[in-house]
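First the structure, in the form of structure tokens, and then the observations on it.
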Amino acid sequence: MSALGLAALADRTLMEPGGWSAVVVDEARIDAATRALEEELAFWLEEEGAGRVQVFTGRHSPSALIEELTRMTPEDVALLPLPAAVIGPACRSLDYERARLAGHPRGVLLTSEAGLQVLATEAPNFWSWVGPRVWHLDLRAEQLDAKARLASLRLGTGLSDAEVLQRAEAGTLTPDPVFAEWLVLLGRGDLLGR
């Protein structure tokens, strides 16, 4: 099982029209991972000008979940955060009604390792759709290492933080995206455009 960051996971999801995948996260992080993935996917779907993201929580009975999913288009993405304690009924319904989902939304199940085992055991037909596309979500994979980036900027330009700040405050800093990034990393975005 490969580890992916949010952007890579969103990209893989959007490249699979009508495909389903599973994302494994720590049980305590399922809700946070769902929100983060929802935001990432919504951004890309807005850029494409097609589709929407819908999160299905425990408010749907298994049969109502299937009905809602069949109303979605192939351009849409359904996110199903399913902790191990509640995945059983939902995955059995997905297994039984799998044929009705063909040609409908792309879907992502967010669950734990234990939830993944329940899915594989209790929903073998649905698992055959999902199994090849199981990833571990690494929420830190794309976080910027600000210290390393600042060191790289210093080395690449031959300037110090103090020199960049001094030029920005004097209004003599070259209007270059590199310097804008530098100021933001230093917490001085207020100096942009001076």
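The values are calculated or read from the model by the stated rules, or taken from the named source; none is laboratory data. Model, not experiment: these values are computed from the prediction. Note that we place each Cβ from the backbone using ideal geometry, even for glycine, and neighbour counts take in every protein chain shown. The area values use the complete protein model at the heavy-atom level, side chains included, leaving out ligands, DNA and RNA. Shrake-Rupley method; radii C 1.70, N 1.55, O 1.52, S 1.80 Å.
Please arrange LEU139, LEU9 by accessible surface area, largest first, computed with a 1.4 Å probe and ligands excluded.
Greatest to least solvent exposure: LEU139, LEU9.
A 1.4 Å probe run over the protein chains yields, for segment 58-126, 42 Å² of accessible area per residue, whole-number rounding. Near LEU110, the amide H atoms lying under 5 Å from its own belong to VAL23, LEU80, LEU82; only residues 5 or more places off or on other chains count, and H is placed 1.01 Å from N. Against the chain, whose longest principal axis comes from its Cα atoms, helix 161-170 is set at around 70 degrees. If you run the Gaussian network model on the chain, springs between alpha carbon atoms under 10 Å, then out of GLU75, GLU47, GLU38 the most flexible one is GLU47.
Past the 21 angstrom mark, what percentage of all C-alpha to C-alpha distances in the chain do you count? Percent of Cα pairs beyond 21 Å in the chain: 57.
Just the protein heavy atoms count here, and of the accessible area of the chain at 1.4 Å, carbon and sulfur take up 52 percent. Basic side chains Lys and Arg get +1 at the Cβ, acidic Asp and Glu get -1 at the Cβ, and with that the dipole of the chain about its Cα centre reaches some 140 debye.
Taking Cα centre as origin and charging only the Cβ of basic (Lys, Arg, +1) and acidic (Asp, Glu, -1) residues, the dipole magnitude of segment 97-186 rounds to 340 debye. Taking each DSSP H run with n ≥ 4 as -39500 (n - 2.57) and averaging over every residue of the chain yields -15000 deg cm²/dmol at 222 nm.
By its C-alpha gyration tensor, with a ≥ b ≥ c as the square roots of the eigenvalues, how is segment 3-82 shaped: rounded for a/c under 1.5, else prolate for a/b larger than b/c, else oblate? In terms of gyration-tensor shape, oblate.
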